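Each remark here refers to the structure printed beneath this line.
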Amino acid sequence: MAADPPVGQAPAETAPTVGPRPPDAAPGADGADGVDVGAQAAADRNPADEHMARGLRATSNSPDLIQLLSPEGVFTPHPDFPLEVTADLLKGLYRDLVLVRRFDREGNALQRQGQLSIWVPLLGQEAAQIGSGRALRPQDFAFPSYREHGVAWCRGVDPTELLGIFRGTDHSGWDPVAARFHDYTIVIGNQALNGAGYAMGQAFDGKVGSGDPDTDEATIVYFGDGGTAQGDIHEGMVFAAAFDAPVVFYCQNNQWAISEPIEKMTRVPLYKRAAGYGMPGFRVDGNDVLACLAVTRWALDECRSGNGPVMIEAFTYRMDAHTTSDDPTRYRLADETEHWKLLDPIERVRAYLAREGLADKEFFDFVQAEADQLADRFRTFAVAMPVPTHERIFANVYTDPNPQVQRQQQEFDEYLAGFDSEAGQ
Amino acid sequence: MTETQAQPAQQQTAEGAAETLQNLTLAKSLNNGLRAAMEADPKVLVMGEDVGKLGGVFRITDGLQKDFGEHRVMDTPLAESGIIGAAVGLAMRGYRPVCEIQFDGFVFPGFDQIISQVAKITYRSQGAWSMPLTVRIPYGGGIGAVEHHAESPEAFFCHIAGIKVVACSNAHDAYWMIQQAIASNDPVIFFEPKRRYWEKSKVDTANKPDTTFSTVVRRPGDQVTLIGYGATMPVALAAADAAAAEGISAEVLDLRTLSPLDLDPVLESVRHTGRAVVITEAPREGSLASEVAARISEEAFHSLAAPVQRVTGFDTPYPPSKLEEEYLPDLDKVLFAVDRALSY
Ligand SMILES: Cc1ncc(C[n+]2csc(CCOP(=O)(O)OP(=O)(O)O)c2C)c(N)n1
Ligand SMILES: [Mg+2]
C-alpha cells in the first residue's frame, strides 16, 4: 500500500511540468436540471496530443454511466435499477457518508500528529463504499483492499478497529469471520482470487439459488483501477466465471494508482472488460450513493440467485493523496481535484434532502455533532492504544503450538530477562 | 586476497581527488548511478510502478524521466509479472531493463518470471540468449511500515541458480554496484536497504572499482568475524565498535554478493579469528545466514573455536511495526552472539 518513504524524507518537490489530463467523464456533468457543471472545467482543459493516451476518450467518457442522483441533487429513477427512495433511507445514507468522511479526516490528522504511521484516505469515495456496503445483506461476505473504511463501517466494524494497522500495533484489527468482512489485503489483486474461491464455496454449500433471499449468499470483492492490471484480478474473474461463482467484482475507479493515471492501465472503459469474461458489467456514478446502492443490490441479488458473477465499475475520484506518505502535487494538477469537488458525493444527498424538505437544520446539525463525537472517540482510542507485548510476534504463526517457534520465543524471553537482571545488579 | 575496503579511503585524498568525494545519501547515489548507466548506454531502460513523474515512491528514479524521456523511463501497468516478464522480452531485443519493484513484499507476482524465465533462459538456450536485466528491490524493515513493506526475501532468490543476488550497504557501493549490475550480462537481483536510503556517506565517483560485488572487509579484527550485508552493516559496525570498547577485536565483513557467494574472504577471515557471527534480518530457517554458517563449518571447521552464530529475525511472519525493534537484529543481539562465541 503505502508505498512511500516516511514523511519528510522525500526531496523537495517540483510541480509537474506537463499539462492537465484530458477532461474527465464528469459523471453527471449534464445535470438533469440542465446545469452543465463539468463543461466549463472540461473546456478549459483541452488536452494536447501527448496527453491523449490511446483509447482515453473511451475510458473517460461513457454514455453508459448509471446515475440516479445528479451532482445537483436531482433524483431520476432508473428503469433497470429500481430503488425505493424514502426519507429514512436518504437520511441513513447521509449519516453514513458524513460519519465516514469525518473519521477518515481524523485519520489523516492523527497521522500528521505522529499518532499513526500512515493513513489511507478514502476522501471522495464515500458514496462508492457506502452505496455498495449498504447493499450487502448480513449473510454476504466482503473482501476489501485497503481503503475500504466505508465498507468496514457498513459491516459493523468499529472505526477504532481499523486503527491498529495504521498505528502499527497489528496487521488487522477485527474478527473477519464475525464481521463477514475480510482483513485488508495490501498486495494488489490477491483478494480477487480469494473472493472467487469463497464464492465458489458458497455455491458448493448450496447457498445460492434456493430462492430465499434471507439465506442465499453472495460475495463482493473490492479493488482499484490500478489493480485491474494485475494477473490476480484477471484470474479471479476467470475462476468466478468458470464456476458461476456468486461474486460481484467491484472496481472503484478513482482515476489514479498512486501517480499513474487510469490511461496507463486500460484502453477501454474498465466495465467493458466484463464482457470478455462472459459476465455483465456496469459503470455506475461512484459519487452517487443511490446508484451504487441500487446497482450493487441488483448485482448481489443476481449472484444470490445463481446468475453471478457480475462486474461493477464505480466511477469516482481519489480526492486526497494515495496515502499520507504520498505527494500528489508531483503528478496531478489541482484543477482536476477542483473539478471533482463539484461532483461531491455528500453534497448532492444533502441538496436533495434539503430541497425536498426531507430533513431540516436540526437533522444536519445532529449528524454533524455525532460525527464530531465519533472523531473524538476515534482519536482518544488511537492515542491510548497499547503497544502489544512481544508475545504477539510468536502468536498464531500456526494453529497448533510449534516447537521451533516456542523455542525461539523462550530464548528471546531469556535474552530479555538477561537485561532485567543486569539492570537489577 | 581479502580486499580491505571500509568507506572510500579519504586519507588518500591527493590534490583534486577531494572533488570526486561527495557526501551523499544512499538514495541519491543510486539515482546518480542509474543516471550514469543511462548516459553510458542508450539501451538501458528503467521500468516499474510510479518511476516516472513521481520518481518512484522512494524517489530513486527522480528526474530520470524528465531527462531521458518516457520511452526510457516507463511507468508500467501495475503488474509485477508484467514488469519482469516484459523486461525479459526487452532484454532479448538488446535492451538492458532495470525493473523497480516498489517494495520487497510485492515482488512475488513476478517471482514466476524470475524463476522460470529470467534465471533459466541462458542455460536453456545454451548461451544463445543472455539476460542483462536488473531487478531493484527496496527491502528490509525498520521504517515503521505496514505489512509487506519490511521483508527480507533474499534467500528465496539466492536459492535460484542463474541469477546473481547482491545487496548494497552504503552510498559509495550503491553508486558503483548498480552500474555493475546493469552492465552485467547476467540477471541481477539488486537489494536496496530501504531504511538506509537516507544515510549519507562518502562516494568516490571518479575511481571505478575493478572488483565487482566481492566480499569486503569493512573493519579488520582478530577475535571474531561479523558477517553482514545491506541493512545490517551499520548494526555490525556499531557492534564492532561496542565490542572494541570491551576489549574485543571484531572483524566486519560485508558480503555484497549474496549469490553466488564470494566465500574466500569469509573463510580467510574465519581462519584468522576462529569465530563467526552471521547477521540477517530475514527469518532464520533457510536463511542466507544458514548457508554462510554451513559453508564455514564445511570449509573452515578446523579453524573454528565455536559454532557459527546466527543473528536473524524469528521464524515468524514480519510482525506489526510497533514490534519490529524486538524482531530485528540490533547491536545488543549481535554482542550477545559475540559473547556466546567467545565463551564457548
Ligand atoms: C502487488 C503490489 N504491487 C505494488 C503495490 C504498491 N501499491 C500500493 S497501492 C498501489 C496503487 C493501487 O492503485 P489502485 O488499484 O487504483 O487502488 P487505489 O490505491 O487507487 O485505491 C500500488 C502500486 C502493492 N500494494 N501490491
Ligand atoms: Mg485507483
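The values are calculated or read from the model by the stated rules, or taken from the named source; none is laboratory data. If you're wondering where the values come from, they're calculated on a predicted model, not measured in any experiment. Here the Cβ positions follow ideal geometry from the backbone for every residue, glycine too, while neighbour counts run over all protein chains shown. Surface areas here come from the heavy atoms of the whole protein model, side chains and all, with no ligands, DNA or RNA. Shrake-Rupley method; radii C 1.70, N 1.55, O 1.52, S 1.80 Å.
Could you tell me whether the stretch B:288-311 includes any residue that is within 15 Å of B:E151 (Cα to Cα), at pLDDT 95 or above and within 13 Å of chain A (Cβ to nearest Cβ)? For the stretch B:288-311, residues within 15 Å of B:E151 (Cα to Cα), at pLDDT 95 or above and within 13 Å of chain A (Cβ to nearest Cβ): absent.
Of all the listed residues (B:A174, B:A181, B:A128), the sole one being assigned to a loop (DSSP other than H, G, I, E, B), in the same structural domain as B:G105 (by TED's automatic domain parsing) and modelled with pLDDT of 95 or more is B:A128. Which of the residues spanning the stretch A:118-143 are open to solvent by less than 10 Å² (accessible area, probe 1.4 Å), more than 14 Å from every other protein chain (Cβ to nearest Cβ) and within 16 Å of ligand 2 (Cβ to nearest atom)? Listed by number, the residues that qualify are A:P121, A:L122, A:G124, A:Q125, A:E126, A:A127, A:A128, A:Q129, A:S132. Being open to solvent by 20 Å² or more (accessible area, probe 1.4 Å), in contact (Cβ under 8 Å) with a residue 60 or more places away in the chain and within 16 Å of ligand 1 (Cβ to nearest atom) is the requirement here; does A:G209 meet it? No, not satisfied.
Candidates B:L78, B:L90: the one that is over 17 Å from A:D232 (Cβ atoms) and touching a strand residue (DSSP E or B) at 6+ places or on another chain (Cβ under 8 Å) is B:L90. Put simply, of B:D241, B:D262 the only residue that is in contact (Cβ under 8 Å) with a residue 12 or more places away in the chain and either surrounded by fewer than 22 Cβ atoms within 10 Å (Cβ to Cβ) or part of a helix (DSSP H, G or I) (or both) is B:D262. Scanning for something within 16 Å of ligand 1 (Cβ to nearest atom), assigned by TED's automatic domain parsing to the domain that holds A:E313 and at negative phi, does the stretch A:194-205 turn up at least one residue? Checked against the condition, which is being within 16 Å of ligand 1 (Cβ to nearest atom), assigned by TED's automatic domain parsing to the domain that holds A:E313 and at negative phi, the stretch A:194-205 yields at least one hit.
In this structure, does B:V107 turn out to be closer than 15 Å to B:F191 by Cα, surrounded by 22 or more Cβ atoms within 10 Å (Cβ to Cβ), within 16 Å of ligand 1 (Cβ to nearest atom) and within 14 Å of chain A (Cβ to nearest Cβ)? Criteria met by B:V107. Checked against the criterion of being in contact (Cβ under 8 Å) with a residue 12 or more places away in the chain, in a loop (DSSP other than H, G, I, E, B) and buried (at least 19 other Cβ atoms within 10 Å of the Cβ), the candidates A:I165, A:I188 yield just one match: A:I188. Apart from one condition, A:G226 fits all of (1) within 10 Å of A:G308 (Cβ to Cβ); (2) within 16 Å of ligand 2 (Cβ to nearest atom); the exception is (1).
Quick check on the stretch A:243-252. Is at least one of its residues assigned to a loop (DSSP other than H, G, I, E, B), acidic (D, E), more than 30 Å from A:A334 (Cα to Cα) and modelled with pLDDT of 95 or more? Reasoning before the result, please.
Residues of the stretch A:243-252 that are assigned to a loop (DSSP other than H, G, I, E, B), as a first pass: A:243-246.
Filter again for acidic (D, E), leaving A:244.
After this cut, where a residue has to be more than 30 Å from A:A334 (Cα to Cα) as well, the list is A:244.
Next cut, modelled with pLDDT of 95 or more only: A:244.
So far as the stretch A:243-252 goes, yes, one or more of its residues are assigned to a loop (DSSP other than H, G, I, E, B), acidic (D, E), more than 30 Å from A:A334 (Cα to Cα) and modelled with pLDDT of 95 or more.
Residues that are touching a Pro at 6+ places or on another chain (Cβ under 7 Å) and part of a strand (DSSP E or B) were ranked within the stretch B:39-98; the one that is farthest from the other protein chains (Cβ to nearest Cβ) is B:R96. Please enumerate the residues belonging to the stretch B:322-344 that are open to solvent by less than 20 Å² (accessible area, probe 1.4 Å) and either within 14 Å of chain A (Cβ to nearest Cβ) or of a type in the set (S, T, Y) (or both). Of everything in the stretch B:322-344, those that are open to solvent by less than 20 Å² (accessible area, probe 1.4 Å) and either within 14 Å of chain A (Cβ to nearest Cβ) or of a type in the set (S, T, Y) (or both) turn out to be B:L323, B:E324, B:Y327, B:L328, B:P329, B:V334, B:A337, B:V338. Applying the condition of being surrounded by 22 or more Cβ atoms within 10 Å (Cβ to Cβ) and among the β-branched types (V, I, T) to the stretch B:110-137 and asking which residue is farthest from the other protein chains (Cβ to nearest Cβ) yields B:T134.
Please verify whether B:G140 is on the phi > 0 side of the Ramachandran plot, away from every other protein chain (no Cβ under 13 Å) and open to solvent by 20 Å² or more (accessible area, probe 1.4 Å), treating the condition exactly as stated. The answer is no for B:G140. Applying the selection to the stretch B:186-230, what residues are open to solvent by 60 Å² or more (accessible area, probe 1.4 Å) and closer than 20 Å to B:A293 by Cβ? Matches in the stretch B:186-230: B:Q223 only.
Here are some residues: A:L123, A:L136, A:L99, A:L83. Which one is touching a residue at least 40 places away in the same chain (Cβ under 8 Å), farther than 20 Å from A:Q368 by Cβ and under 16 Å from the mean Cα position of the chain (by Cα)?
The match here is A:L136.
Using the structure shown, decide if A:V310 is surrounded by 24 or more Cβ atoms within 10 Å (Cβ to Cβ) and either more than 15 Å from ligand 1 (Cβ to nearest atom) or modelled with pLDDT under 95 (or both). Taking the combined requirement at face value, the residue satisfies it.
Is one or more of the residues making up the stretch A:217-225 open to solvent by 10 Å² or more (accessible area, probe 1.4 Å) and assigned to a helix (DSSP H, G or I)?
Checked the stretch A:217-225: no residue is open to solvent by 10 Å² or more (accessible area, probe 1.4 Å) and assigned to a helix (DSSP H, G or I).
Pairs linking a residue in the stretch A:220-231 that is farther than 10 Å from A:C251 by Cα and assigned by TED's automatic domain parsing to the domain that holds A:T296 to a residue that is within 9 Å of ligand 1 (Cβ to nearest atom) and part of a helix (DSSP H, G or I), with Cβ atoms under 7 Å and 6 or more positions apart or on different chains, are A:Q230/B:P109; A:G231/B:P109. The residues of the stretch B:67-86 that are touching a Lys or Arg at 6+ places or on another chain (Cβ under 8 Å) and either open to solvent by 30 Å² or more (accessible area, probe 1.4 Å) or among the polar types (S, T, N, Q) (or both), listed by number, are B:D67, B:T76, B:P77.
Okay, residues lined up against (1) within 14 Å of chain B (Cβ to nearest Cβ); (2) of a type in the set (S, T, Y); (3) within 16 Å of ligand 1 (Cβ to nearest atom):
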{"site": "A:T228", "(1), (2), (3)": "yes, yes, yes"}
{"site": "A:V238", "(1), (2), (3)": "no, no, no"}
{"site": "A:W256", "(1), (2), (3)": "yes, no, yes"}
{"site": "A:E260", "(1), (2), (3)": "yes, no, yes"}
{"site": "A:M265", "(1), (2), (3)": "yes, no, yes"}
{"site": "A:F282", "(1), (2), (3)": "no, no, no"}
{"site": "A:N287", "(1), (2), (3)": "no, no, yes"}
{"site": "A:A291", "(1), (2), (3)": "no, no, no"}
{"site": "A:A294", "(1), (2), (3)": "no, no, no"}
